[in-house]
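> First, the structure itself, so that you have it in front of you.
The values are calculated or read from the model by the stated rules, or taken from the named source; none is laboratory data. Note that the coordinates shown come from a computational prediction; the quantities given were computed from them, not determined experimentally. Heads up: the accessible areas ignore ligands, DNA and RNA and are worked out on the full protein's heavy atoms, side chains in. Shrake-Rupley method; radii C 1.70, N 1.55, O 1.52, S 1.80 Å.
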Amino acid sequence: MPSPDRRHGIAVYEHPHLTAADTAQMLAMKARAARRTDTQDVRRLVTITGINTLERIEHLVTDTFPTRSLPDRQRRWLQALLRDTSLREGYVPASV
């Protein structure tokens with residue numbers, strides 16, 4: 001999780017041992033991880049947040065994690081995912 005003073009968005013749940021992130025924070029975290037198992041989650045988060053370009057996701061990652069940029073592998077993964085026609089404006093996955 002980003003440090004409390006550098007959060008992008010708000011925490012939707014806080015407890016002394018647990019903080020739940022908002023959708024933008026989740027997108028930033030999953031973009032940084034860029035795991036194959038996160039593909040569906042990233043697609044849903046892109047649709048929900050409307051943050052649907054590589055430039056905007058990079059800005060979100062930098063804003064959420066100020067000391068970390070988006071590495072090349074993650075950038076390439078996101079570019080491939082964003083080229084998917086299902087992420088065009090107006091598409092909403094059935095499970096959202």
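> Tally up the carbon and sulfur contribution to the accessible surface of the stretch 37-79 as a whole percent, 1.4 Å probe, everything protein left in place.
Details: 1150 of 2440 Å².
That fraction is 47 percent.
> Continuing with this model, one more query. Over the stretch 27-78, average the accessible area per residue using a 1.4 Å probe and give it in Å², no decimals. Provide the component values of the computation, followed by the final result.
Details: 2860 Å² over 52 residues.
Solvent-accessible surface per residue comes out at 55 Å².
> Could I ask something else about it? If you build the Cα gyration tensor of the stretch 22-75 and take the root of 5 times each eigenvalue, what three semi-axes come out, in whole angstrom, biggest first?
15, 13, 10
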